[in-house]
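Here the structure is laid out as structure tokens; the discussion comes afterwards.
The values are calculated or read from the model by the stated rules, or taken from the named source; none is laboratory data. Source: prediction; values computed, not measured. Don't worry about glycine lacking a Cβ; one is built from the backbone with ideal geometry, like all the others, and counts go over all protein chains shown.
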Amino acid sequence: MTHTVEVLLRCIAAIVGGYALSALFSVALVPVFVHGLESSLSSSVLIATMLSYMVFFVVIIMSFCRISLKGLYLGIMTSSILLWSVYKALPAL
């Protein structure tokens, strides 16, 4: 695989994967805060949204720090499945 294609795939992982993972993180964390910490819905949404920005930036940084491209995509998919299962395991708001 050429260097240009690898950089393009890392950019796609950083942008699309980071956005998807941060959105799932935000959606999965709101019920955790509401049911687990018994905070209000509005403050839970605000905190989860702010933390999701940090997740997005970490995914961007990790997209260019990981040596293996396969490991990068596997890590993003594994984290997405884990966050989706946390969201589905908790009761609806």
Is it the case that the range 67-75 has a residue that's of a type in the set (V, I, T) and more than 16 Å from the chain's Cα centre (by Cα)?
-> yes
Residues of the range 29-52 being among the β-branched types (V, I, T) and either free of Cβ contacts under 8 Å to residues at least 60 places away in the same chain or out of contact with any helix residue (DSSP H, G or I) (no Cβ under 7 Å at 6 or more places or on another chain) (or both), which ones?
-> V32, V34, V45, I47, T49
Of the residues that make up the range 53-67, is at least one touching a residue at least 12 places away in the same chain (Cβ under 8 Å), among the hydroxyl-bearing types (S, T, Y) and in contact with a Lys or Arg (Cβ under 6 Å, 6 or more places away or on another chain)?
-> yes
Test result for F33, at pLDDT 95 or above and of a type outside the set (S, T, N, Q) | no
When S79 is evaluated against the numbered criteria (1) of a type in the set (G, A, S); (2) more than 13 Å from the chain's Cα centre (by Cα); (3) surrounded by 12 or more Cβ atoms within 10 Å (Cβ to Cβ), which criterion, by number, is the only one it fails?
-> (2)
Give me the pairs: first residue in the range 1-20 and without any contact (Cβ under 8 Å) to a residue 60 or more places away in the chain, second residue among the hydroxyl-bearing types (S, T, Y) and assigned to a helix (DSSP H, G or I), beta-carbon distance under 6 Å, and six or more apart or on different chains, which are they?
-> A14/S63
How many residues are among the aliphatic types (A, V, I, L, M) and loosely packed, with under 12 Cβ neighbours inside 10 Å when one looks only at the range 17-60?
-> 3
